[in-house]
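These notes concern the structure reproduced below.
Quick note: the coordinates plus some simple rules give every number you see, no bench work behind them. Please read all numbers here as calculations on a predicted model, not as lab measurements. Backbone-built Cβ (ideal geometry, glycine too); neighbour counts: all protein chains shown.
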Amino acid sequence: MSHFGSLRTNATALALIGVLSFSAVVIYLKLPQRIKTGERGQAAIQMLDEMRRPFLTIKQTEASLLETTDVEASNRALSLAVGSATDLLERYTALARYNVVLSANVGKLSETFENWVAAQRHFFSSFEAASGRTGDALQPASGFSQSLALAALGFLNTMDVLGAGEVPIHADIADGRRATQLLQALGIMLLLYFIGIGFWLQRIKSKRERVLILERVRYEQEAHALQRALSEALAKVLSGLIPICASCKSIRGEDNQWTQVESYVMQKTDAEFTHSICPKCAERMLSEPHEIVHKAGK
């Protein structure tokens with residue numbers, strides 16, 4: 001495996017270690033579950049705020065009854081408000097199941113709400129009995145004041161239990177936000193880790209490339225030096241005064257032995273000779289037989 005291939009393998013291993021570490025921390029801290037719980041808490045707090053409107057509407061029907069003494073219209077308004085509150089309470093109950101504490105609070109809210117509605121209806125009945133069903137001036141009846149007090153107490157208890165549900169909801173929302181912030185911080189750390197690996201990989205790669213370039217330059221310098229040394233050695237072998245016969249062109253070596261030019265050059269260098277005939281010698285060789293014949297004729 002090449003250096004660069006090994007480097008890429010190491011970088012991939014480091015990146016994998018970073019991803020596994022990130023995943024292990026996320027799973028250990030249960031960040032996805034906590035973020036999901038926070039999102040459910042956001043939905044629950046919105047539902048809780050919506051619950052206040054029909055509760056207040058029920059209370060307003062009581063005030064409207066005391067003001068207008070119209071029992072029939074007030075009963076219709078009360079039924080509509082109770083139906084709207086019941087529908088929201090059912091949705092709120094289903095939504096609250098994600099949290100045990102909140103679910104218990106909603107169960108208590110349902111019970112308190114039913115008691116309040118019963119007290120409210122009893123008050124309406126007492127009011128109708130006190131008015132003699134005639135719409136005339138209100139005539140006090142036995143238990144009228146008590147039913148009004150119970151209806152008011154039921155409203156206060158219901159709103160108190162509803163408000164108590166905000167405590168676990170806000171705790172879930174806050175924990176979800178902390179989990180989100182922690183996940184974002186871990187994500188940034190993982191990104192910085194990857195960037196660090198990239199810088200490290202690029203730095204090591206650049207360093208190795210510089211080493212390879214320096215080695216290549218060194219090899220080229222050594223090759224040039226060797227080439228110069230060989231050229232100088234060859235020049236020394238075939239330089240200076242070389243004794244050569246003026247007649248046969250043989251060369252006298254260091255051992256005073258005479259050898260042909262071809263043999264001398266082949267001993268001193270790696271060169272080899274191949275024989276041919278130059279045009280001048282070829283012309284001379286062709287003319288020699290004619291001269292021999294001419295002399296024989298004389």
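How would segment 3-188 be classified by its alpha-carbon gyration tensor: rounded, prolate or oblate, with rounded meaning a/c under 1.5 and the a/b versus b/c comparison settling the rest?
Here segment 3-188 falls in the prolate category.
Hey, with R₀ at 35 Å, roughly what FRET efficiency would C245 and Q221 work out to, going by the Cβ-Cβ distance, to 0.05?
0.20
What full-extension length gain, to one decimal in nm, is calculated for E209 and I277 as 0.36 nm per residue of separation minus the Cα-Cα distance?
18.9 nm is the gain from fully extending E209 to I277.
At 0.36 nm per residue, and after removing the present C-alpha to C-alpha distance, how many nm does the segment from A104 to K36 gain when stretched out fully?
22.5 nm
Ordered by packing density, taken as the mean number of other Cβ atoms within 10 Å over each peptide's residues, highest first, how do 24-32, 153-161 rank?
Result, highest mean Cβ count within 10 Å first: 153-161, 24-32.
What list of ³J(HN,Hα) values in whole Hz, one per residue of segment 164-174 in order, does the Karplus curve 6.51 cos²θ - 1.76 cosθ + 1.60 (θ = phi - 60°) give from phi, with Gly and Pro shown as x?
5, x, 5, 4, x, 5, 5, 5, 5, 5, 5
Which order do peptides 108-121, 200-213 fall in by mean Cβ count within 10 Å, highest first?
108-121, 200-213
Each residue of segment 177-192 in order: what ³J(HN,Hα) in whole Hz does its phi give by Karplus 6.51 cos²θ - 1.76 cosθ + 1.60, θ = phi - 60°, with x for Gly and Pro?
5, 4, 5, 5, 5, 5, 5, 5, 5, 5, x, 5, 4, 5, 4, 5
With an 8 Å cut-off on Cα pairs and a minimum separation of 6 or more residues, tell me the relative contact order of segment 3-188 in percent.
Reported relative contact order: 33 percent.
Find how much the distance from T12 to Q257 grows on full extension, using 0.36 nm per residue of separation minus their present alpha carbon separation; answer in nm with one decimal.
Extra length available between T12 and Q257 comes to 80.9 nm.
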